[in-house]
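Scroll down for the structure; my scribbles are underneath it.
Laboratory data are not the source of any read-out in this text; all were calculated from the coordinates shown. Source: prediction; values computed, not measured. Using ideal geometry, Cβ is built from the backbone for each residue, glycine included, and neighbour counts are taken over all protein chains shown.
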Amino acid sequence: MQSSIAPSTRFKKRGAVRTYLEYAVAWGIFNGFRVLPRSLALAAGKGLGVLARFVLPHLRRHAQMNLQMAFPHLDDKARAQIERGTFRNLGRALGEVAQFPKLNRENIESVVAYEGLENYQQAVAQRRGIILLTGHIGAWELSVYAHSIYGYSMSFLARRVDNPMVERLAETNRSRFGNRSIDKKGSLREVLKTLKAGGVVGILADLNSSREEGVFVDFFGLPACTTAGVATLALRTGAIVLPGYILWDDEKKIHRLCFEPPIETINTGNQKEDVVANTARYTKALESVIRRHPDQWLWIHRRWRTRPEGEPEIY
């Protein structure tokens, strides 16, 4: 499914110089990391993440504020360690993405190993459609890519990159083994069609939402506006909601692609209350993973940006 704005139109809106400059930087980083051996690419990525922590102080401040709210019981040293880990994780993930062209069925097992694959296989066997509930954890771009190399291609929601040339660069790699991205904007019809046909749709459900698209549920003890899309789709289609995520195992230097048992959908017949109740359960599942591996989540994101009516802005 294509973006609602044609690439040529998006190109004109951004301007040629800016478009080409951004593409040149992205192409240079991607191909520069690609030619390196994987170990060096990951090390270089981590180094770039450390550099970003210093040259992008506003992201560092966001992470610090988020960690203070999420982990008030931790001391400054412990929170600082998590914050530094966040930038290292992002850099490592970039290194892995640049290595995508080298990955294939012969070598993927040395990069990504499964945990709980039986949960995924059992859900697929029911032919009810699967909403893969996931978040910006670990090297999240690698999760669906590796899954497709293993033979489990799927669809996933994605926000189109504003730069159409960078978007094409990313899409070429994402779809190499049969994955299909669905433009998040205007995606309902395509997602419904996929789920009703028994397909799999991955949805990142851990970021801040607008009041129009989300509901407020607890996230680390604070009300967080969270997408209502997963719950709405599950109630409408009867699809299975299956938590899945990828984690970096620093001891064994490998990623673990984990699938947990499905989360049962609450359906009392009260649509509004059921959406909130189910969204709260999905969010709690993601929070549980983040609590166990806090340095692998996207703390630089302004997760609590949308506030309940009458509450002051945080950032």
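Only one entry of LEU74, LEU67 meets the criterion of being more than 30 Å from TRP27 (Cβ to Cβ) and outside any helix (DSSP H, G or I), and that entry is LEU74.
Failed condition for LYS185, given (1) of a type outside the set (Phe, Trp, Tyr); (2) crowded, with 18+ Cβ neighbours inside 10 Å; (3) outside any helix (DSSP H, G or I), with all others met? It fails just one condition, (2). Taken over the stretch 267-295, the residue count meeting the criterion of being more than 15 Å from GLY135 (Cβ to Cβ) and in contact with a Leu (Cβ under 9 Å, 6 or more places away or on another chain) is 5. When LEU142 is tested against the conditions (1) touching an Asp or Glu at 6+ places or on another chain (Cβ under 7 Å); (2) touching a residue at least 40 places away in the same chain (Cβ under 8 Å); (3) part of a loop (DSSP other than H, G, I, E, B); (4) not polar (S, T, N, Q), the lone failure is (3). The residues of the stretch 85-102 that are of a type in the set (Val, Ile, Thr) and under 18 Å from TYR145 (Cα atoms) amount to a single one, VAL97. Might you let me know whether the stretch 216-234 holds any residue that is in a loop (DSSP other than H, G, I, E, B) and β-branched (Val, Ile, Thr)? Looking through the stretch 216-234, none of the residues is in a loop (DSSP other than H, G, I, E, B) and β-branched (Val, Ile, Thr). For the stretch 94-116, filtering for residues that are of a type in the set (A, V, I, L, M, F, W, C), more than 14 Å from ARG174 (Cα to Cα) and part of a helix (DSSP H, G or I) leaves 1.
From the list ARG256, ARG303, the lone residue that is among the charged types (D, E, K, R), touching a Leu at 6+ places or on another chain (Cβ under 6 Å) and touching a residue at least 40 places away in the same chain (Cβ under 8 Å) is ARG256.
Restricting LEU132, LEU90 to residues that are assigned to a helix (DSSP H, G or I) and either closer than 26 Å to LEU207 by Cβ or aromatic (Phe, Trp, Tyr) (or both) narrows the list to LEU90.
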